[in-house]
1. If you line up the long axis of helix 97-106 against the longest principal axis of the chain, both from Cα atoms, how many degrees apart are they, to the nearest 10?
2. Taking a point 7 angstrom from the Cα of residue 101 along the C-beta vector, which residues in region 43-87 have backbone N less than 19 Å away?
3. Looking only at the chain, where both bridge partners belong to it, what percent of the DSSP beta bridges are antiparallel (to the nearest 5)?
4. Could you work out the relative contact order of region 2-119, using alpha carbon pairs under 8 angstrom and six or more residues apart, expressed as a whole percent?
5. Could you give the distance between the Cα centres of region 64-86 and region 94-125, to the whole Å?
6. May I ask you to derive the relative contact order of region 137-200, considering only C-alpha pairs under 8 Å and at least 6 residues apart, and to give it as an integer percent?
7. Calculate for the chain the 222 nm mean residue ellipticity that helices alone would give, adding -39,500 (n - 2.57) per DSSP H run of length 4 or more and normalising by residue count, nearest 500 deg cm²/dmol.
8. Using the C-alpha gyration tensor of region 137-200, what are the square roots of 5 times its eigenvalues, in whole angstrom, with the largest one first?
Ligand code: SF4
Ligand code: SF4
């Protein structure tokens, strides 16, 4: 899933400006941003509440509506709220960067204000804590590293073994984070598959990553 976090309310307010009497639409997403606890129904409700409180305090007379879409990244869902967007003066997206762009492309006449800072592709570790797991390199090779992505999960992105700084299984740079290579070692040891002398991993082919340019993926018909 895509991980993101809500921008500080002051940043969203600053993007909205101090125009009086405007109609604001806050649009969340029922998919990744709900699991991220950043842009689901509850966060939309809270943001509507906080913006309303700001409007009352500053006597701005804003009217604010909130809703969520099944997946903000798909235009077949963004199109469903065309009437709501038409009846608004400003739209705040609580979708990820892809969702916010899908809104911008569906409604080019509206300025879409991003309310989320999109971070990475990851997974929830426990409630409210999300760890990066994949950086979308375009050529997955985790079968060679015990199912652990050392590009995304090693702080130095090392591909040919640990840096040697790990302490008690934790990363030397981020002591609260597990050392990815310690995890690789532990898993291979548990499987009885530790090589005596590991084969060197050849240089990564980055042409399929973002370094190779904007990517388009075509799924099979
Ligand atoms: S090797 Fe590439 S595709 Fe596979 S998990 Fe890591 S970054 Fe993602
Ligand atoms: S301690 Fe482990 S995770 Fe941290 S940089 Fe070194 S090899 Fe990578």
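Read-outs: derived from the displayed coordinates by stated rules, not from any lab. The shown structure was predicted, so the numbers you read here are calculated from the model rather than taken from an experiment. A quick note on method: Cβ atoms are made from the backbone with ideal geometry, for glycine too, and the neighbour counts reach across all protein chains shown.
1. Here the helix axis deviates by roughly 40 degrees.
2. Residues 71-79 qualify, since their backbone N sits under 19 Å from the label point.
3. Counting only bridges with both partners in the chain, antiparallel ones make up about 45 percent.
4. Numbers: 248 pairs, mean separation 41.6, N = 118.
Here the relative contact order equals 35 percent.
5. After rounding, the separation between the Cα centres reads 12 Å.
6. 27 percent
7. The helix-only estimate for the chain comes to -8000 deg cm²/dmol at 222 nm.
8. 18, 15, 10
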